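The values are calculated or read from the model by the stated rules, or taken from the named source; none is laboratory data. Fair warning: this is a prediction, and the values are worked out from it, not measured in the lab. Backbone-built Cβ (ideal geometry, glycine too); neighbour counts: all protein chains shown. Note: accessible area is taken over every heavy atom of the protein model, side chains too, but ligands, DNA and RNA are not part of it. Shrake-Rupley method; radii C 1.70, N 1.55, O 1.52, S 1.80 Å.
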Amino acid sequence: MGTGVFLVDESLYFARPDLMLTGRTLMGHDSAKNQQMDDHYFGTIPERVQAFMKDLEIQALELGIPCKTRHNEVAPNQFELAPIFEETNLAVDHNMLLMSLMKKVARKHSFRVLLHEKPFAGVNGSGKHNNWSLSTDTGVLLHAPGKTQEENLRFVVFIVETLMGVYRHNGLLKASIMSATNAHRLGGNEAPPAIISSFLGKQLSSLLEHIEKADKEELFSMDGKKGIELDIARIPQLLIDNTDRNRTSPFAFTGNRFEFRAVGSEANCSSALIVLNTAVAEALVDFKTRVDALISQGEEPTHAIIDILREDIRTCKPIQFEGNGYSEEWMEEAQRRGLDCETSCPLVFDRYLDEASVQMFESQNVMQRNELEARNEVKWETYTKKVQIEARVLGDICMNHIIPVATHYQSRLAKNVQSMFDIFPREKATSLTSRNVKIIEEIAERTQFIETEVEELVNARKVANRIENERDKAIAYHDTIAPKLETIRYQVDKLELLVADELWTLPKYRELLFIR
């Protein structure tokens, strides 16, 4: 489970109330230079960060967490650390422990760790890459090609049934990784879209198409002495070194495992893995039930497996996508395929209470309906509180910092204009002060807009807070309050470019994003 994080200097962190209280910058204009040169991604790890990472890895090892990967990520001040592949329960525990340890060690090095999925607008956000596969209790990897035809058939079955689970519950799988914070990252050009799909690569996709469409006689033949001859013996040669990846895919096959890339950096991975494991378990149980039914009717076992396999390959085809997941065309195509395309976080949580979801959890003895309902109450309440805190923080900063600083600068400009009229003839003074007058007017318009919007934001919160039902309240916060945060931010970011740098006391992106 590789986790991406941002590091910022502690002194700058404490000068940004929004970072301290919400984990992200609620305002801030783009830095002229950010990640467009790729120089951070391909550069060496800064010395201060290297020291932090070494310290972190030593302390992690003392706690039994074997870290393997350390490198710069794409955005400035963004880094990734990943432990070695482990059993799921242990990996989740280690991941959570590592997040806590990161924060502790960072403070020793005068850093603060930002685990928010999108702490800075305009640069890449952070997520977790969950490398996931199934194996037996004797260590046989079920998502890896084998050396025999039977092993390869088993490999194809587990690939297809994994896709069946993901296809049947793609909306639920999205709900498992959705949050108020991860919603900022999903769908951006650095993260998987808020539509679950799976990238298999050309070789595996071609193989599944071959199994689906070939005549049964072409796939295998029966021989009394040799047994079953399957026409899939080429899998090891094709896939053993298959490292082709589509970085826009939320659930990509990468040779001997799937990589679930939509999980947020702040998240507990168990939420997503509970859904994924349960969905695949349900698909495998259903597969076996249908195969057993054919065998009980007298069909030869391998024939029965192939029959059900071909049926499932056709059924789960809509979840397979090899193209650009960021494109508008894919959004339209996904809707045509019947995939869940909802983007509203509170509405996405509804998928936990769909009859198919409840049936899945109950049939696998994972959770009951009342447990799912209780968990959803917490999810909706958490969403509301996250947005509520952001709205309050943004309102406070606007009224106590942005508007006073902007009007102070406006007053300085006004004095300058007045002085020019005292010195020069009116016509000359008008010409010389035209730029300052224009800035004065723009500041007045933008501050007035901000003040009005903050007042409307407060009123919208009051209306939403009167709603008793947690789901309805979360929807109100998503629909009426969250959009106002972006509207206000736009005006604040424009003011940042107008007001004198010496007066703007909030550290800017160009200071926050480059470690010194």
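Quick check: anything in region 116-124 surrounded by fewer than 19 Cβ atoms within 10 Å (Cβ to Cβ) and closer than 30 Å to Asp30 by Cβ? Scanning region 116-124, I find at least one residue that is surrounded by fewer than 19 Cβ atoms within 10 Å (Cβ to Cβ) and closer than 30 Å to Asp30 by Cβ, so the answer is yes.
Across region 479-516, the number of residues qualifying as open to solvent by less than 60 Å² (accessible area, probe 1.4 Å) and touching a strand residue (DSSP E or B) at 6+ places or on another chain (Cβ under 9 Å) comes to 4.
Applying the criterion of being in contact with a Pro (Cβ under 8 Å, 6 or more places away or on another chain) and among the aromatic types (Phe, Trp, Tyr) to the residues of region 317-361, the residue that is surrounded by the fewest Cβ atoms within 10 Å (Cβ to Cβ) is Tyr326.
Of the candidates Asn365, Asn416, Asn436, the single residue that is outside any helix (DSSP H, G or I), farther than 30 Å from His478 by Cα and either over 27 Å from the mean Cα position of the chain (by Cα) or touching a residue at least 12 places away in the same chain (Cβ under 8 Å) (or both) is Asn365.
Going by what's in this entry, would Ser31 be described as touching a residue at least 12 places away in the same chain (Cβ under 8 Å), out of contact with any strand residue (DSSP E or B) (no Cβ under 8 Å at 6 or more places or on another chain) and open to solvent by 40 Å² or more (accessible area, probe 1.4 Å)? Answer is no for this residue. State whether the residues of region 461-468 include one that is open to solvent by 30 Å² or more (accessible area, probe 1.4 Å) and within 19 Å of Pro17 (Cα to Cα). For region 461-468, residues open to solvent by 30 Å² or more (accessible area, probe 1.4 Å) and within 19 Å of Pro17 (Cα to Cα): absent. For Glu161, the conditions (1) of a type in the set (Asp, Glu); (2) in contact with a helix residue (DSSP H, G or I) (Cβ under 7 Å, 6 or more places away or on another chain); (3) over 30 Å from Cys345 (Cβ atoms) all hold with the exception of (3). Look through region 66-90, keep the residues that are assigned to a strand (DSSP E or B) and free of Cβ contacts under 8 Å to residues at least 40 places away in the same chain, and return whichever of them is most open to solvent (accessible area, probe 1.4 Å). Here the residue is Lys68.
Within region 313-322, the set of residues being out of contact with any Asp or Glu (no Cβ under 7 Å at 6 or more places or on another chain) and in contact (Cβ under 8 Å) with a residue 60 or more places away in the chain comprises Thr315, Cys316, Pro318, Ile319, Gln320, Phe321, Glu322.
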